[in-house]
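In what follows, a structure is listed as structure tokens, so that the remarks can point back to it.
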Amino acid sequence: MIAFSTGDVADLALAVFLVVVGLGLGWAFLRLAVTFDRLSSLIRGAEREVLPVIEKVGGSVDRVNTQLDKLDTATTSAVDAVEAVDEAVRTVSFAVKRPVQKLTGLSAGVSHGWASLKTRRSWRDAVDEGKRAAARRETDLEEELKASHE
């Protein structure tokens with residue numbers, strides 16, 4: 001007769017438990033291996049799909065940078081042109097300012113002198129009044145020009 005002792009039953013139960021745990025771990029490792037295989041396949045596919053996109057984006061960024069460099073050059077040229085025009089306008093303004101100032105003074109002097117001649121009938125008073133009016137108008141124009149530049 002087959003006699004089993006308590007220790008034998010415990011050893012048998014432990015052996016069955018270890019076989020079941022081993023089979024469970026084996027199945028879990030097999031599933032984990034399948035998952036890792038799918039993950040590595042996903043990563044390879046992503047590399048195949050994403051790397052060309054990254055290369056295209058890099059090329060696009062390079063082209064945009066080239067165009068921005070061209071735009072920077074054009075903007076610099078435009079700023080230089082505006083500065084040149086500003087300088088030319090200032091030069092012309094300075095060259096024209098004094099004759100215009102004298103012409104407006106002459107106009108005001110003649111006008112006031114003529115009015116004084118008509119009212120006072122004195123040539124000397126008319127000339128003096130005209131000179132004072134011309135000087136006032138030239139001074140007023142100078143102040144107006146200074147105020148307009150501030």
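Only the coordinates and a few stated rules stand behind these numbers; no lab work does. Predicted model, so just to flag it, every value in this text is computed and none were measured. We place every Cβ from the backbone using ideal geometry, glycine too, and count neighbours over all the protein chains shown.
Key figures for this structure:
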item: Boolean, Asp72 is without any contact (Cβ under 8 Å) to a residue 24 or more places away in the chain, closer than 30 Å to Glu144 by Cα and of a type in the set (D, E, K, R); result: no
item: Residue check, Leu141 within 25 Å of Arg90 (Cα to Cα) and surrounded by 13 or more Cβ atoms within 10 Å (Cβ to Cβ); result: yes
item: Verdict on Ala88 being closer than 30 Å to Leu145 by Cβ and either touching a helix residue (DSSP H, G or I) at 6+ places or on another chain (Cβ under 6 Å) or exposed (fewer than 10 other Cβ atoms within 10 Å of the Cβ) (or both); result: no
item: Conditions (1) surrounded by 10 or more Cβ atoms within 10 Å (Cβ to Cβ); (2) over 30 Å from Arg124 (Cα atoms): number failed by Phe94; result: (1)
item: Unique match (being within 21 Å of the chain's Cα centre (by Cα), assigned to a helix (DSSP H, G or I) and of a type in the set (Lys, Arg)) among Lys56, Lys97, Lys70; result: Lys70
item: Verdict on Ser41 being under 30 Å from Glu142 (Cβ atoms), of a type outside the set (Val, Ile, Thr) and either surrounded by 10 or more Cβ atoms within 10 Å (Cβ to Cβ) or in contact with a Gly (Cβ under 7 Å, 6 or more places away or on another chain) (or both); result: no
item: Some residue of segment 114-127 being part of a helix (DSSP H, G or I) and within 57 Å of the chain's Cα centre (by Cα); result: no
